[in-house]
Amino acid sequence: MMTIQQEFLSLMERGGPIMWIIFFVACSAMTLVVWEAIRGHVLIKSARRDYARLRSSNDNLLITSGNMSPVAQLLATIHWPNVQSKEDIAREINIHLPEIIPKMEGSLATIAILGSLLPMLGLLGTVTGMINVFEVIALHGSGQPDEMAEGISQALLTTASGLIIAIPVIFLHHLLSRRINVLVAMTHQAIQLILHRDVSTLKKAALERVPYNVN
């Protein structure tokens with residue numbers, strides 16, 4: 001009776017070298033998916049907490065050590081000594097927000113690339129498997145069914161493996177992207193709250209939390 005490890009190695013051997021590449025890409029994609037799921041949960045939890053704090057207090061700017069929420073990171077990048085009006089705050093936010101959004105997205109772009117790469121790797125395995133079949137036919141005619149079956153098996157295994165793994169990766173990427181859209185929306189809501197606050201109160205609260213060099 002074959003063990004799971006033996007069955008796995010047998011499957012990989014029948015699929016050829018492309019199967020190992022598919023396996024490596026699949027492991028990388030799923031590792032990133034798990035990481036982004038955990039990171040996204042932490043970010044959304046922090047963003048919701050900070051949004052509630054902004055609504056409950058006029059001078060709470062969330063600038064504390066270790067705060068991971070996007071709005072807290074955004075507020076920490078503003079050079080508050082130069083802020084004199086709401087227009088200054090809006091300008092600072094517009095400057096630094098494009099730096100924060102890619103941090104929110106994290107590895108989503110990489111997951112999307114790996115998800116789209118898997119079916120193409122499966123197709124590459126199909127091509128290499130059929131090449132092996134035609135080489136057998138060219139050398140021995142149709143009198144070597146075992147070797148022909150090996151090439152066909154390789155073609156089908158790699159195609160099926162690439163598609164089977166790509167489907168959940170693409171679906172999970174969609175779910176993670178929706179969560180990031182929620183996070184971006186919450187960040188914009190928090191920004192609107194900040195822009196409707198008194199500038200002097202915001203500036204005083206910020207300068208009390210961050211030691212700026214005003215020289």
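Computed from the coordinates by the stated procedures, all read-outs in this text should not be read as laboratory data. Because the structure is predicted, anything quoted here is derived from the model rather than measured. With ideal geometry, Cβ positions are generated from the backbone for all residues, glycine too; neighbour counts draw on all protein chains shown.
Below are the figures for this structure:
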| read-out | value |
| --- | --- |
| Debye, to nearest 20: dipole size of the chain, +1 on Lys, Arg Cβ, -1 on Asp, Glu Cβ | 1360 |
| Relative contact order computed over the chain (Cα-Cα under 8 Å; 6+ residues apart), in percent | 34 |
| Alpha-carbon radius of gyration plus Dmax, which is the widest Cα pair, for segment 88-152 in Å | 25.0, 80 |
| Pairs beyond 21 Å (Cα-Cα), from LYS86/LYS204; LYS45/LYS86; LYS45/LYS103 | LYS45/LYS86 |
| Test item: Cα-centred dipole of segment 118-208, Lys/Arg +1 and Asp/Glu -1 on Cβ, debye | 960 |
| Mean Kyte hydropathy of 1.6 or more with a Cα span along the axis of at least 15 Å, helices from DSSP in the chain | 108-140 |
| Percentage, to the nearest whole number, of Cα pairs in the chain over 26 Å apart | 55 |
| Dipole of the chain, positive end: most advanced residue of LEU75, ILE167, ILE95 [Cβ charges, Cα centre] | LEU75 |
